[in-house]
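Inspection log for the structure reproduced underneath, given as structure tokens.
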Amino acid sequence: MRTVNNFINGEFQPGVDQRRFDKVSPVSGEVIASIAEAGKADVDQAVRAAKTALDGEWGLLSPEQRVELLYEVADEITHRFEDFVEAEMADTGQPSHVMRHVFIPRGAANFKVFADVIKNVPTESFMTTTPDGAGALNYALRVPKGVIGVISPWNAPFLLMTWKVGPALACGNTVVVKPSEETPLTAALLGEVMNKVGIPKGVYNVVNGFGPESAGAYLTEHPMVDAITFTGETRTGTAIMKAAAEGTRDVSFEMGGKNAGIVFADADFDAAVDGIFRSAFLNSGQVCLGTERVYVERPIFEKFVLALKQKAEAVNYGAPLEQGVNYGPLISKEHQEKVLSYYRKAVEEGATVVTGGGVPQMPEALLGGNWIQPTIWTGLSDDATVVREEIFGPCCHIRPFDSEQEVIGLANNTEYGLSTTVWTTNLSRAHRVAAKIDVGITWVNSWFLRDLRTPFGGTKQSGIGREGGVHSLEFYTETRNICIKL
Ligand code: NAD
Ligand code: 6OD
């Protein structure tokens, strides 16, 4: 069994109170790690270490020196690729191919991409005329915002945490990370990487624990935290925003979604079925960008439902490294119970269960895991609970539509605005529809295909702000205008 401690000022520490909690395997229910829970004093120590590093060695490095170090971080993650894959699989229980091909490589890329962004940031300048004719030069300096509190979720732990740590450090900030209590392993491994490549002490800190009245709240409430970047549930974002209001600290939020997948009759049918299948069921549906509402043009509705059902019924459940496994468990018993309660609610509200709706039969060794069937419903009204609320599980409701205008209205009929997928071979229609859907990102004939340099974030209750490429600079830096009278 592993022992994971907080990482403060370059050292792994058990915490002042020496309190610990268990990390349980989603696959088997066994305890696989003992985690140090950071108390208020530990969080305070981590924030102060981050502040000291900011004003010390780290703050004195040139952008070029920071860039070199971040390249080394990415290289060391790649060097320890198998350790990261193994840790992330243990934490999430998800199949190894997702870790190998998406979560861990994208985590390493987050350091390289933002190092490149910072290398190429231009300086804004204006020559202003003055009454005496001599003029004045205005130029803007970008400076780090300070100590950044990073609060991350469990569904793609390393990718989502580094997506914030990468740009924060590239911009010259220091960070205190509070990973999800469900997935603490890769954040700790990253501490080892930071030490190995010589990132100064205090630049990257990790405090483990929970949200309210625990490390999450202690971090967001700490007055020396200059800004907070958060990925997680919209409800949690509301609580964090209240904490950030004290001291009027800036926030960047990536939150929930209830994303629509729109399939027109002229779409490449097999590609659309594959794409909707992946977007609804990858990572057992625990992807913020996942599709839980599917709208299919009426002429192909029945055929589409049948094809998706056949794919959903063909998944191979099992532990991450088992041969042929492509479908893992949910993260926790609590989450399994939440998703199952939505499965019951759908039936109560009159859904036709096309497939799934419960827990699959599993071999003895995996009975303690949080298994759940991929589930498809039809026949619900547009205001049914499972059509409105984010479930964050492997399930979707499919509904027919008759016109472009109708489906745009249906897709926008939600309090969320994270992403959409549109499946069509009509290019003009693709542009027309994409422009009218109120979300942060629309994919046409694809899903989860995003260049890290592009803006990412949600509209409505899905988020505040955009991160990605140069857009991350808006949050992770302050601009100072300097005006020189000539
Ligand atoms: P969550 O909101 O329960 O937890 C996220 C993090 O916040 C965890 O580290 C948790 O400990 C911490 N936290 C909880 N309460 C807190 C508080 N009061 N103060 C400070 N920290 C607190 O989310 P989750 O269950 O870990 O993740 C699933 C959710 O995340 C879904 O809603 C999903 O849509 C969303 N998500 C969004 C994106 C995106 O990019 N928009 C990406 C991934 C996940
Ligand atoms: O890597 C990305 O583009 C990204 N923001 C992924 C989000 C995954 C959410 O579950």
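The values are calculated or read from the model by the stated rules, or taken from the named source; none is laboratory data. Source: prediction; values computed, not measured. Cβ coordinates were reconstructed from backbone atoms using ideal geometry, including for glycine residues, and neighbour counts include every protein chain displayed.
Being out of contact with any Asp or Glu (no Cβ under 9 Å at 6 or more places or on another chain) and not in a loop (DSSP other than H, G, I, E, B) is the filter here, so list the residues in segment 117-140 that pass it.
V117, I118, S125, F126, M127, T128, A136, L137
Does A365 satisfy the criteria of being surrounded by 15 or more Cβ atoms within 10 Å (Cβ to Cβ) and either out of contact with any strand residue (DSSP E or B) (no Cβ under 6 Å at 6 or more places or on another chain) or more than 23 Å from G463 (Cα to Cα) (or both)?
no
Return the residue satisfying two criteria in turn: it lies in segment 445-479 and is within 16 Å of ligand 2 (Cβ to nearest atom), crowded, with 18+ Cβ neighbours inside 10 Å and aliphatic (A, V, I, L, M), and of such residues it is nearest to F103 (Cα to Cα).
Out of the qualifying residues, it is L452.
Give me a count of the residues in segment 285-296 that are within 12 Å of ligand 2 (Cβ to nearest atom) and polar (S, T, N, Q).
1
Filter segment 1-50 down to the residues that are among the acidic types (D, E) and outside any helix (DSSP H, G or I) and list them by number.
Hits for segment 1-50 are E11, D17, D22, E30, E37.
Kindly check whether there is at least one residue in segment 319-337 that is farther than 30 Å from D22 by Cβ and not small (G, A, S).
No, that holds for no residue.
Under the condition of being of a type in the set (D, E, K, R) and under 29 Å from Y476 (Cβ atoms), which residue from segment 249-276 is nearest to ligand 2 (Cβ to nearest atom)?
Looking at residues that are of a type in the set (D, E, K, R) and under 29 Å from Y476 (Cβ atoms), I get E254.
Looking only at segment 302-358, how many residues end up being in a strand (DSSP E or B) and farther than 19 Å from I398 by Cβ?
The number of residues fulfilling the criteria is 2.
Answer yes or no: is there a residue in segment 230-237 that is among the hydrophobic types (A, V, I, L, M, F, W, C), out of contact with any helix residue (DSSP H, G or I) (no Cβ under 6 Å at 6 or more places or on another chain) and either within 16 Å of ligand 2 (Cβ to nearest atom) or at pLDDT 95 or above (or both).
No, that holds for no residue.
Is it the case that A140 is within 16 Å of ligand 2 (Cβ to nearest atom) and assigned by TED's automatic domain parsing to the domain that holds G237?
no
Would you check if there is a residue in segment 200-222 being out of contact with any strand residue (DSSP E or B) (no Cβ under 8 Å at 6 or more places or on another chain), over 20 Å from H335 (Cα atoms) and within 16 Å of ligand 2 (Cβ to nearest atom)?
no
Pairs needed: first member in segment 40-61, of a type in the set (A, V, I, L, M); second member anywhere, part of a helix (DSSP H, G or I); C-beta distance under 6 Å; at least 6 residues apart or different chains.
V43/A215; V43/Y218; V43/L219
Evaluate the following for F210: is it over 19 Å from N5 (Cα atoms), among the aromatic types (F, W, Y) and touching a residue at least 40 places away in the same chain (Cβ under 8 Å)?
no
Would you point out which residue out of V325, V353, V339, V305 is more than 28 Å from the chain's Cα centre (by Cα) and over 23 Å from D402 (Cβ atoms)?
V353
Where in segment 52-116 are there helices (runs of 4 or more DSSP H), lying fully within it, with 3 or more residues that are crowded, with 19+ Cβ neighbours inside 10 Å?
63-79, 81-92
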